[in-house]
1. Treating the beta-carbon of each Lys and Arg as +1 and of each Asp and Glu as -1, no other charges, what is the dipole magnitude of the chain about its Cα centre, to the nearest 20 debye?
2. Calculate for the chain the 222 nm mean residue ellipticity that helices alone would give, adding -39,500 (n - 2.57) per DSSP H run of length 4 or more and normalising by residue count, nearest 500 deg cm²/dmol.
3. Can you tell me, using C-alpha contacts under 8 Å and at least 6 residues apart, the relative contact order of the chain as a whole percent?
4. Can you compute the modelled spin-label distance between Phe54 and Ile77, with each label point 7 Å from Cα toward Cβ, in nm?
5. What is the percent of Cα-Cα separations in the chain that go past 23 Å?
6. Could the peptides 22-31, 46-55, 67-76, 6-15 be put in order, highest first, of the mean number of other beta-carbon atoms found within 10 Å of their residues?
Amino acid sequence: MVVENMPGAAHLMGANHIYKVAKYDGLTIGNFTGTLLLGQVLGRPGIEFDARKFNYLGAPARDLSICVLSRKSGVTIATMASFQESH
């Protein structure tokens with residue numbers, strides 16, 4: 001086993017490398033946080049991967065993400081609960 005640390009941009013550099021450079025032969029394993037994947041949904045600059053195309057082995061830790069919205073957004077606890085139930 002060869003370990004290659006790829007620090008930088010909160011795991012973004014490593015995730016982009018795995019997606020764009022690493023061979024698709026099952027011999028490369030990456031470890032990055034779930035919030036990085038959320039960044040794709042939110043349009044974070046610099047993301048060059050499609051998270052849906054990664055194969056997942058598991059999670060080394062549980063991520064707890066929080067989304068904060070203002071009242072001006074029109075989103076309420078009721079609409080969030082309804083969304084959660086439908087998905």
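1. The dipole magnitude comes to about 260 debye.
2. Numbers: 3 runs with 28 residues, N = 87.
Here the helix-only value at 222 nm equals -9000 deg cm²/dmol.
3. Working: 39 pairs, mean separation 20.5, N = 87.
The normalised contact order for the chain reaches 24 percent.
4. 3.3
5. Tail fraction, whole percent: 36.
6. On the way: 22-31: 10.2, 46-55: 12.0, 67-76: 8.4, 6-15: 15.9.
Highest mean packing first, the order is 6-15, 46-55, 22-31, 67-76.
Computed from the coordinates by the stated procedures, all read-outs in this text should not be read as laboratory data. Just so you know, these numbers come straight off a predicted model, no measurement behind them. Here the Cβ is made from the backbone with ideal geometry for all residues, glycine too, and neighbour counts use every protein chain on show.
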